[in-house]
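Engineer: After the structure tokens below, expect a handful of questions from me.
The values are calculated or read from the model by the stated rules, or taken from the named source; none is laboratory data. Every value quoted in this text rests on a predicted model; they were computed, and no experiment measured them. With ideal geometry, Cβ positions are generated from the backbone for all residues, glycine too; neighbour counts draw on all protein chains shown.
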Amino acid sequence: MIELHHIESHFPFQQVEWLEKNKFINTERGIKALHLWTDEEQMKHHMQWRDRFAEHAGVLTDRMIQTVNGDKAIPIEAGWMTLHDVVDSSFPVSDYPEEMGQFLGNYVLVPIEETDPPVNQSKERISAFIDVPFPSSTPRFRVLEKMRKEARQREKKADGLARSVEVDGQMQRVLAIESFSQAKEIDGQLFWENKGTELKPSVDVLCSCLRKWVENYGEDRLDLVFNGLNESFPLKNENGLLLLSRLVYPTEYVEFASWFNKTRNDDEVEKRYVALSNQWDVSKKIVAKFVHWLEEAKEKVHYEQIN
Amino acid sequence: MNKLTNQSTGAVLFQYDLYPEKVEHIGKVQKVETNYGTFALKKTTMKKSEADWFINVMRRLERIGFPYVVPVLPNKYGDYTVTDGQFIYYLMPWYEDHQQFRNPVQPEDTLVEQVAKLHSLTEKTQDYAADSLDESSQLLKKRWDLRKLEIDKYVDEIEQHTYYSPFELTLLTHFERIKFMALQAEEQLELWLEKANEKKSSRSVLCHGRLKRSHACYDEYGTAYFLNFERAVLDTPARDLAMLFRHFFQSRPWDEVEGHHWLNLYEKHFAFFDEERHLFMSYLTFPENIYRMIDHYRQAGRTKSELQMVMQLERRVLTMNRIHRFMNVVFKDES
């Protein structure tokens, strides 16, 4: 339980009232969101992440607002509380594919010290579910089995690509991006709202964003996203192969098979299958576009070398 | 990345939780009126490392309690500067710069006294290193020699002309005097080195780095508050004071008595060591201002007319002669 006077005494606001108890306050300087933390290490990691992210990517983000004493958090009964800006207006993400690509590259390259060792992709991608056949009674049995076999091929292909990368699949973790609705606008500029606390390998975050881009805005301007991404996260080297390997890897299938093997819920298969099928198509489109982009980029380099 | 990272005034001020009601551009500063008062937002081309040093300077001034400075305000995240792709911004409270005062004060006197206080509060004795003193003296001498050589060559060139332009004629008339002043500067520099080596110690202070009237705001009582510490350095106090005096010499009529008065005023709060006085004089006497005019005259696309150039050169020669008299007054006291 947080008392308003506790907030008033720590932060430089004259008027504070609840908009939503323990979640949002209204102040004379705008609406602010409260974030409660029980794990101090996690909170410190997020403080560092947001500060470094703002500095590295050069965009506005919901960093911790300082108290009058210059602290970034105040102690509360359950742990700590931090205060953040709330911005309502959405940034027109789809109008800026190149800029967003560059932003994503900067996002995944935020220099941050990890407490946990970096993720080794080749170990993580071994998934037992790909080898488990579906019972013949499963709805959509034939098509799912076909998908399973193709998923196994995709997995092998992805593994081959990852092995060819010198960095050995090691990558840092960054805060996962839930959706592009996290992009807000302040006076025409991007304000990035961080959500959740889950850290994911950087290339997985990129893959997930590319999928969200196609799902939300189609594949037409994906080339421009790659161009922008290439500015901050050069794709013509190992990064490109690593990204391709993760795009080829059948993430959507593994998620589906994992759900199925845990629940064995035949009633929901149809609904889940539709989602899987859509995601499968999206992955296919992205891989095709990305391979084409990489080939064109190689040709360009070759042409530049000749001339 | 313009749309994402090049911040508008609104996006910069958001980081201070300020929403402007009126923004007025005054040079590199934006006067921002908000519900919470009026502020000055400065846009700079400082690099990150320069900005870090600048903030370090401002915080040091705060720690030592130097009150004659326009403070830099932190934003809501505790940062003293805001960066976008190209520029670094910082915010200050708006200080109205008064030209008329309630008390009978001379703005130059105030500035000199407050610089002395700044130097006095930040004084630090340096470890004696003969090599380092020699090196800095040699560097300066080398630079001066190069400048002299360039100008000598130019004067040789114009001496070949059958007819001289008015500017050339003025320069030739005063050239021996200009050379003499350059020599005086070198002599003062040698005296500084000799005395500093004898003394086996030197000191540094926090130098503002670009002292001039427009880098201070005066309140209605004539108290000056410094701003623009972006070029601040730890260096000899002689450097800062010479820069300020040069500014005075160019911006208003003065004579050696007034110059001496300013120096006395400074030394009332922060007395120069003998060797520092020589260094100060050495900085002042070297005719760099005249050399710069010659450079400007030689430029293909110069903006000033021949007449303007001649008048300016005459004025600078006059200033140079005053500096010489000022130097004589200062060292007469010593002898």
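Engineer: Take segment A:192-201 and flag every residue that is modelled with pLDDT of 90 or more and surrounded by 22 or more Cβ atoms within 10 Å (Cβ to Cβ).
Structural biologist: Within segment A:192-201, A:TRP192 is the sole residue that qualifies.
Yes/no matrix, rows are residues, columns are (1) among the aromatic types (Phe, Trp, Tyr); (2) assigned to a helix (DSSP H, G or I); (3) more than 14 Å from the chain's Cα centre (by Cα):
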| site | (1), (2), (3) |
| --- | --- |
| B:LEU244 | no, yes, no |
| B:HIS247 | no, yes, no |
| B:PRO253 | no, no, yes |
| B:ARG277 | no, yes, yes |
| B:MET281 | no, yes, yes |
| B:HIS296 | no, yes, yes |
| B:ARG316 | no, yes, yes |
| B:VAL329 | no, yes, yes |
| B:LYS332 | no, yes, yes |
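Engineer: Is it true that B:ASN56 is surrounded by 15 or more Cβ atoms within 10 Å (Cβ to Cβ), outside the structural domain of B:SER214 (by TED's automatic domain parsing) and within 26 Å of A:MET47 (Cα to Cα)?
Structural biologist: Answer is no for this residue.
Engineer: If I ask for residues that are out of contact with any strand residue (DSSP E or B) (no Cβ under 6 Å at 6 or more places or on another chain) and touching a residue at least 24 places away in the same chain (Cβ under 8 Å), which ones from segment B:215-227 would you list?
Structural biologist: Within segment B:215-227, B:ASP219, B:GLU220, B:TYR221, B:GLY222, B:THR223, B:LEU227 meet the criteria.
Engineer: Can you tell me which residues in segment B:51-66 are touching a Ser or Thr at 6+ places or on another chain (Cβ under 9 Å) and under 24 Å from B:GLN114 (Cβ atoms)?
Structural biologist: Scanning segment B:51-66 gives B:PHE54, B:ILE55, B:ARG60, B:LEU61, B:ILE64, B:PHE66.
Engineer: Restricting to segment B:237-260, and then to whatever is surrounded by fewer than 16 Cβ atoms within 10 Å (Cβ to Cβ) and in contact with a helix residue (DSSP H, G or I) (Cβ under 9 Å, 6 or more places away or on another chain), can you tell me which residue is modelled with the highest pLDDT?
Structural biologist: Per the criteria, the residue is B:VAL257.
Engineer: Residues in segment B:286-305: is at least one in contact (Cβ under 8 Å) with a residue 60 or more places away in the chain and over 23 Å from B:LYS179 (Cα atoms)?
Structural biologist: no
Engineer: Still on this structure, I have one more. Could you please give the count of residues in segment A:51-102 that are among the basic types (Lys, Arg) and under 17 Å from B:ALA11 (Cβ atoms)?
Structural biologist: Quick first cut of segment A:51-102, residues among the basic types (Lys, Arg) only: A:52, A:63, A:72.
Checking the rest, the ones that are also under 17 Å from B:ALA11 (Cβ atoms) come to A:63.
Total meeting the criteria: 1.
Engineer: Taking segment A:105-138, which residues are hydrophobic (A, V, I, L, M, F, W, C) and either touching a Phe, Trp or Tyr at 6+ places or on another chain (Cβ under 9 Å) or at pLDDT 75 or above (or both)? Please lay out each step first, then the result.
Structural biologist: Quick first cut of segment A:105-138, residues hydrophobic (A, V, I, L, M, F, W, C) only: A:108-110, A:112, A:119, A:126, A:128-130, A:132, A:134.
Listed by number, the residues that qualify are A:VAL108, A:LEU109, A:VAL110, A:ILE112, A:PHE129, A:ILE130, A:VAL132, A:PHE134.
Engineer: For segment B:116-157, which positions are outside any helix (DSSP H, G or I), surrounded by 12 or more Cβ atoms within 10 Å (Cβ to Cβ) and in contact with a strand residue (DSSP E or B) (Cβ under 6 Å, 6 or more places away or on another chain)?
Structural biologist: B:GLU123, B:GLN126
Engineer: Consider A:TYR217 against the criteria (1) over 18 Å from the mean Cα position of the chain (by Cα); (2) surrounded by fewer than 21 Cβ atoms within 10 Å (Cβ to Cβ); (3) not polar (S, T, N, Q): it satisfies all of them except one. Which criterion is unmet?
Structural biologist: Only one criterion is unmet by A:TYR217, namely (1).
Engineer: Here's a check for you: in segment B:42-96, which residue that is in a helix (DSSP H, G or I), under 17 Å from A:HIS56 (Cβ atoms) and touching a strand residue (DSSP E or B) at 6+ places or on another chain (Cβ under 9 Å) is nearest to the other protein chains (Cβ to nearest Cβ)?
Structural biologist: Keep residues of segment B:42-96 that are in a helix (DSSP H, G or I), which gives B:48-63.
Imposing the further condition that a residue be under 17 Å from A:HIS56 (Cβ atoms) reduces the set to B:48-49, B:51-52.
Those left that are additionally touching a strand residue (DSSP E or B) at 6+ places or on another chain (Cβ under 9 Å): B:48, B:51.
On the way: B:LYS48: 9, B:ALA51: 12 Å.
Ranking the candidates gives B:LYS48 first.
Engineer: So, one more: With the requirement that a residue be within 13 Å of chain B (Cβ to nearest Cβ) and closer than 29 Å to A:GLN172 by Cβ, what does segment A:95-115 give you?
Structural biologist: Correct list: A:TYR96, A:PRO97, A:GLU98, A:GLU99, A:MET100, A:GLY101, A:GLN102, A:PHE103, A:LEU104, A:GLY105, A:ASN106, A:TYR107.
Engineer: Still on this model: Looking at segment A:139-161, can you tell me whether even one residue there is surrounded by 14 or more Cβ atoms within 10 Å (Cβ to Cβ), on the phi < 0 side of the Ramachandran plot, in contact with a strand residue (DSSP E or B) (Cβ under 6 Å, 6 or more places away or on another chain) and modelled with pLDDT of 85 or more?
Structural biologist: no
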